[in-house]
Every structure is written in structure tokens, then in C-alpha cells.
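Structure first, then comments.
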Amino acid sequence: MILSIESSCDDSSIAVTEIATKRLVYHKKISQESEHAVYGGVVPELASRLHAEALPRILEACRPWFDQLKAIAVTTEPGLSVTLIEGVTMAKALAIALKLPLIAVNHIKGHIYSLFIEKESALPLTVLMVSGGHTQVIEVESFDAMETVMRTGDDSFGESFDKCAKMMGLGYPGGPVIEALAERGDAMRYDFTVPLSRSPRLEFSYSGLKNAVRLAVEAGGESDYPDIAASFQRVATEHLLQKLRKYFKVHPPKRFAIVGGASANRHLRSEIETLLRPYGAELLTAELKYCSDNAAMIGRAAVEMYAAGQFTPLNVIDVAPKSQL
Ligand code: KG4
Ligand code: ZN
């Protein structure tokens, strides 16, 4: 079995995965959302302290499997440096105490393998990763051959939901709140401009839309919030769809997936389904509980790395907050 640790942002999570069957034997996550909500976003130093407190508590429940462990896996990149360090420190301590090798897992690869928790992988695959930290399209040939073909130049899709919610005083995380608010709103009331719609570049951008929402919030009142939320969600999604349409003209999708915290968004899911229909492409999504950050996906990715002998020595393993795929 592999014990995996995730602490790249505001979720403290540990999982135990059986290597041969990929079965998830144990999984626990303690989210810090309510602690960060008052600040309208994640406060890194606070997150770090909360991990230091939560991770040992979760680890205690994993003791029954300690003597069956073959490796310790941990998210080392990308993420917040002060929170990644909490997980890596625990992983190192366990590696020393239990005399086990370490597996350094990339968080983005983890999100991609959230599709295959307790399953065999289905590749090749085109992936749209939408979370608080990332908005990118990745061509996945194999675990070791992944290429980012489109990314955001500024804010991410999930982050733009968080910022809009903050402007309306709705707390953090903004995604679920904005989605719920949008359900009672008129999505056509505000004609926010779809970002980069005339640019041929395959790139995303959310900072302009965020500013347009800010002006609408400042000009309107609370009774306008549902319409603002619905219009924002429509345009934020339309931006993804426009760029994907452009990309699909040259690279028609065969198998497509949406991963990351914002892949829970129902409007996005249904629009992507419609977009894929003419191509007859299959749509993969992770189970809702594995869309946001969790250690189960890190453990699943680590199973691939264990099989390939991809271990990182104790004196070499380190955090790489800004690294990509
Ligand atoms: O993957 P994740 O848990 O953490 C990162 O790696 O960033 O993603 C969290 C992000 C937050 O920005 C949150 O607002 C967004 O995902 N999110 C959503 C929804 N649920 C979560 N965005 C839009 N619609 C949702 N239903
Ligand atoms: Zn994530």
C-alpha cells in the first residue's frame, strides 16, 4: 500500500491506496474553507498552521496500515510553499521512521488521475483542468507524456468565481455560491464581453471579465446579484468553449475530461457535453468528492510512479511551488 499526503492549498488530506488493485483503503480530508471564508481567500500562513494541526490527527487513523506500506507519496508541486512544506515534512518523517521510499507527486497530475481512482486509466485523453490555481488544457498521452497546450495568462476560472463572490461579500470558496446564485438569475441581463474572443491565440484570460463584474456590482444592488452571477457564469464558460472550439478544429477530441475543483460546475459540464456531441467524444469526470483537492488522487498517481520506480531520495525531495507539468 501507499500512504499519500496532500497539503498544497487549503485541504489537509491523507489516503491509503492498495498498489495491486488501486483500491482506496482509507481516505480523509479536512477542509479549511470555513477558516479562510472570512478573508475571502486562502491565507497561506493560516493554512500552514492548520495543516500542521490537522495532518497528524488524520495520520493517527492510518496506523493500522503502517506495516503494509511500501512507499510514502506527497504533493511537492505546484502549490503554496508554506503549505506544501507541511506535507513534505510529514512525508520525510514517515519515510525515516518506517524506512520507506518517497514519491514526489505533481498536483496537476494528481487531478488528472482523480479520473481513475479505483480504476484503470483510459488514455490518451484531452483534459480541461479548472481549479482555483489552474486553467489549462492538457494533452495526456501517458503518465509521463503530458503537454499543456493552452493556459491562462492571468486569473484562473475557479479564482474568478472566488473573486466575484468576494466582491458581493459572499465568502470563500466562491464557485458553489456563485453557481447557486446563478440558478435564480437571468444570464442574458448583463452582456459582459467574452474575453479574447477576437484573438486567434489559444490562451485564457479572466482578469477583464472580473473587472466588468466589479463595475456591475458597484453600479447595482444586492437584488442584481443573481443576474450578475448568472451572466458572469455564462460568459466565463463561453470563453472556455470558444477557445476549445478553436482548438478542436485542428485537434478533434476523441476522449475528453474536465478535472479540478471547478469541474463540479453543472453549467460548465452540460455545455462541455453539448460541445463534444458532434465529435462523438466520450466525457470523463471525477466523482464529485474527488474534484476538489484530495489525497486519494495523489495516491492514485503515486501507484503509477511506484510501478515505474519513480522515487525521490530523502535528501533531494523538496517543494516546487511554481512548477508546472
Ligand atoms: O481543485 P481545487 O479544490 O483547488 C485548487 O487546486 O485550486 O479547486 C478549488 C476551486 C475554487 O476556486 C472554487 O471556487 C472552485 O474550484 N469551484 C467551483 C465550483 N466548486 C468549486 N467553481 C465553479 N463552480 C463550482 N461549482
Ligand atoms: Zn487542486
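Taking the stretch 144-171 as the region of interest, how many residues are under 20 Å from R266 (Cα atoms) and either at pLDDT 95 or above or within 15 Å of ligand 2 (Cβ to nearest atom) (or both)?
Counting residues in the stretch 144-171 that are under 20 Å from R266 (Cα atoms) and either at pLDDT 95 or above or within 15 Å of ligand 2 (Cβ to nearest atom) (or both) gives 10.
Looking only at residues that are among the β-branched types (V, I, T) and touching a helix residue (DSSP H, G or I) at 6+ places or on another chain (Cβ under 8 Å) in the stretch 139-191, which one is surrounded by the most Cβ atoms within 10 Å (Cβ to Cβ)?
I178
Quick grid of which residues meet (1) crowded, with 17+ Cβ neighbours inside 10 Å; (2) more than 16 Å from ligand 1 (Cβ to nearest atom); (3) in a helix (DSSP H, G or I):
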position	(1), (2), (3)
L3	yes, yes, no
S12	yes, no, no
V16	yes, yes, no
Y26	yes, yes, no
G40	yes, no, no
L50	yes, no, yes
I72	yes, yes, no
T75	yes, no, no
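Given the condition within 16 Å of ligand 1 (Cβ to nearest atom) and small (G, A, S), answer yes or no: does some residue in the stretch 96-110 qualify?
yes
Residues in the stretch 100-116: is at least one outside any strand (DSSP E or B), at pLDDT 95 or above, more than 17 Å from A301 (Cα to Cα) and among the aromatic types (F, W, Y)?
no
Going by what's in this entry, would S8 be described as more than 19 Å from S131 (Cβ to Cβ) and touching a Leu at 6+ places or on another chain (Cβ under 9 Å)?
Judged against the criteria, S8 is not a match.
So which residues in the stretch 141-161 are over 14 Å from S205 (Cα atoms) and either in a loop (DSSP other than H, G, I, E, B) or touching a Pro at 6+ places or on another chain (Cβ under 6 Å) (or both), if there are any at all?
E141, F143, D144
Is the stretch 277-299 home to any residue that is of a type in the set (D, E), touching a residue at least 40 places away in the same chain (Cβ under 8 Å) and within 12 Å of ligand 1 (Cβ to nearest atom)?
Checked against the condition, which is being of a type in the set (D, E), touching a residue at least 40 places away in the same chain (Cβ under 8 Å) and within 12 Å of ligand 1 (Cβ to nearest atom), the stretch 277-299 yields at least one hit.
May I ask you to list the residues in the stretch 230-267 that are among the polar types (S, T, N, Q) and farther than 17 Å from P278 by Cα?
Selection gives S231, Q233, T237, S263, N265.
Which residues, taken from the stretch 127-161, are within 20 Å of L181 (Cβ to Cβ) and touching a Phe, Trp or Tyr at 6+ places or on another chain (Cβ under 6 Å)?
V130, D155, S160
Looking at (1) under 29 Å from D318 (Cα atoms); (2) part of a helix (DSSP H, G or I); (3) not small (G, A, S), find the lone condition where C164 falls short.
With respect to (1) under 29 Å from D318 (Cα atoms); (2) part of a helix (DSSP H, G or I); (3) not small (G, A, S), C164 is out only on (1).
For the stretch 189-245, give me each residue that is of a type in the set (D, E), farther than 20 Å from G169 by Cα and in a helix (DSSP H, G or I).
If the condition is that a residue be of a type in the set (D, E), farther than 20 Å from G169 by Cα and in a helix (DSSP H, G or I), then E238 is the only one that fits.
If you take the residues in the stretch 218-247 that are buried (at least 18 other Cβ atoms within 10 Å of the Cβ) and hydrophobic (A, V, I, L, M, F, W, C), which one is farthest from the chain's Cα centre (by Cα)?
Per the stated criteria, the residue is I228.
Report, by residue number, each residue of the stretch 131-165 that is within 14 Å of the chain's Cα centre (by Cα) and closer than 25 Å to M305 by Cα.
S131, G133, H134, T135, Q136, V137, I138, listed by residue number.
Is it fair to say S7 is in contact with a helix residue (DSSP H, G or I) (Cβ under 6 Å, 6 or more places away or on another chain), free of Cβ contacts under 8 Å to residues at least 60 places away in the same chain and not charged (D, E, K, R)?
Taking the combined requirement at face value, the residue does not satisfy it.
Considering only the stretch 278-290, I want to know if a residue exists there that is under 23 Å from S197 (Cα atoms), loosely packed, with under 15 Cβ neighbours inside 10 Å and either away from ligand 2 (no atom under 16 Å from the Cβ) or not aromatic (F, W, Y) (or both).
Scanning the stretch 278-290 turns up at least one residue that is under 23 Å from S197 (Cα atoms), loosely packed, with under 15 Cβ neighbours inside 10 Å and either away from ligand 2 (no atom under 16 Å from the Cβ) or not aromatic (F, W, Y) (or both).
Only residues that are part of a strand (DSSP E or B) and surrounded by fewer than 22 Cβ atoms within 10 Å (Cβ to Cβ): list them for the stretch 248-264, please.
Listed by number, the list holds a single entry, R255.
The values are calculated or read from the model by the stated rules, or taken from the named source; none is laboratory data. Remember, predicted model here, so these are calculated numbers, not experimental data. So basically every Cβ, Gly included, is an ideal-geometry build from the backbone, and we count neighbours across all protein chains shown.
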